[in-house]
Amino acid sequence: MSGVVVVHGGAWAIPDDMVEDSYAGVKAAACEGSSVLKKGGSALDAVEAAVRAMEDNTVFNSGHGSMLNADGEMEMDAIIMDGSTLSSGAVTSVKNIANPVSLARAVMEKTPHMLLSSRGANMFAESIGIATVPTDTLVTEYARKEWEKHTAFAFGVLEDFNSRWAHDTVGAVAVDSAGNVACATSTGGLRNKMVGRVGDSPIIGSGGYADNLCAAVSCTGHGESILKVTLARLIISHIERGKSLADSSQLSLQYMGDRVQGAGGAIVVSPSGQWAATFTTKRMAWAALDHEALWYGLNPGERFKEELSQ
Ligand code: ASP
């Protein structure tokens, strides 16, 4: 098996005028991750590359193009996890880092810790030579306009994720030829969130989880709901009990909807190369590149196939 990469561009009511760019963005990210695997890279390398591609794409709410908090500032969160060792690294509330997922990886590989926040994360970035960029270069006109339109945070859960209010986190899961799995998730978080708010994305077991003994998962959706049910770990626990990847994701998202009225989505890959992309929001852009084809979709039940050129 040469490996599989699955990515998502966030679960929410993606407006029609963003549909084409969302398809293109997730397809490009899946191809990026897959080309890393083809060159002999690991699952960890692949998820980092795929997420970086989406952080650099302003159509998604991560890295360049992140949504702004109540004060009109950017506060980004990211996690990466290696299923072979259960090591993970995460950052929260970073402001002027173009690719938070790579900083999260450095936390995992170069510190004795698993999560660094705001100033400490930035100090660490500086100490290892990860360049900071002026925050303004990461803020898009769209993000600024959206912030200006909504000067107060609107509470509500299902409504949020089924309206234009919510926005799109990005994530990737991969399995490499050695059967190692990895996950990564990166986000600007909820638009107009309180200053200092940290969602599910950088929290192990909620925004992502990877274990070679089971699967790798990256989640998206209403962060406070995902945290309440530890969605990534919940999906893993269903798979551990023998359920299929798609059923485990569906059951867990259903549970989150019933129990805490939260909507969201998840992508999953297993060490044997099975995968699933599932959501309970109106839409979620996703793409998967396996041995057979490039698959992608955005609306419920949608599954387009593009044959791979040899
Ligand atoms: N889960 C993210 C958060 O709550 C948002 C999203 O997935 O769109 O920060």
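Using a Gaussian network for the chain with springs between C-alpha atoms less than 10 Å apart, which of these wobbles most: V36, V170, V260? Evaluated over the chain, the most mobile residue of the options is V260. Structure remark: mean-square fluctuation, Gaussian network model of the chain, C-alpha springs under 10 Å; the largest value among K243, K228, K145 belongs to K145.
With charges set only on the Cβ (+1 for Lys and Arg, -1 for Asp and Glu), what does the dipole of the chain come to about its Cα centre, in debye to the nearest 20?
Dipole of the chain, to the nearest 20 debye: 480 debye.
Our estimate of slack between A24 and Y255, defined as 0.36 nm per intervening residue step minus the Cα-Cα distance, is 80.0 nm. Between H222, H64, H113, the residue with the greatest mean-square fluctuation in the GNM of the chain (Cα pairs under 10 Å linked by springs) is H113. The charge dipole of segment 23-108, taken about its Cα centre with unit charges on the Cβ of Lys, Arg, Asp and Glu (plus for the first two, minus for the last two), comes to roughly 360 debye. Expressed to the nearest 5 percent, the antiparallel share of DSSP beta bridges inside the chain is 95 percent. Taking other residues whose beta carbon is less than 10 angstrom from the beta carbon of N99, and scoring Lys, Arg as +1 and Asp, Glu as -1, yields -1. Sparse packing (at most 12 other Cβ atoms within 10 Å of the Cβ) combined with a DSSP loop state is found for the following trypsin sites (Lys or Arg not before Pro) in segment 20-78: K39. Excluding same-chain neighbours fewer than eight residues apart, the lysines reachable from K27 by a Cα-Cα span under 24 Å are K38, K39, K282, K305.
Summing Lys and Arg as +1 and Asp and Glu as -1 over all other residues whose Cβ lies under 9 Å from the Cβ of A46 gives a net charge of -4. For the chain, the mean residue ellipticity at 222 nm estimated from helices alone is -10000 deg cm²/dmol, where every DSSP H run of n ≥ 4 contributes -39500 (n - 2.57) and the total is divided by all residues, rounded to the nearest 500. Report note on the peptides 210-217, 84-91: ranked by the mean count of other C-beta atoms within 10 Å, highest first, their order is 210-217, 84-91. For the chain, excluding the exposed loop sites themselves (GluC sites (Glu not before Pro), DSSP loop, at most 15 other Cβ atoms within 10 Å), the longest remaining stretch covers 74-291.
Distance between the modelled labels on Y142 and Q274, one decimal in nanometres: 3.5 nm (7 Å Cα→Cβ projection). Extension gain, L213 to S177, is 11.4 nm, computed as 0.36 nm per intervening residue step minus the present C-alpha separation. Taking other Cβ atoms within 10 Å as a rough exposure proxy, W275, W295 sort from fewest to most as W295, W275. Tally the DSSP beta bridges in segment 1-157 and give the antiparallel ones as a percent, rounded to 5. Counting DSSP beta bridges with both partners in segment 1-157, the antiparallel share is about 70 percent. With a cut-off of 11 Å between beta carbons, the residues surrounding S22 carry a summed charge of -3, where Lys and Arg count +1 and Asp and Glu -1.
For segment 266-281, the residues whose amide N sits under 20 Å from a probe point set 7 Å from the Cα of L86 along the beta carbon direction are 269-272. Taking 20 Å as the straight-line reach from the Cα of K145, the lysines in range (excluding those fewer than 8 positions away in the same chain) are K95, K193.
No value in this document is a laboratory result; all are computed from the given coordinates. None of the values given here were measured: they were computed from a predicted structure. Here the Cβ is made from the backbone with ideal geometry for all residues, glycine too, and neighbour counts use every protein chain on show.
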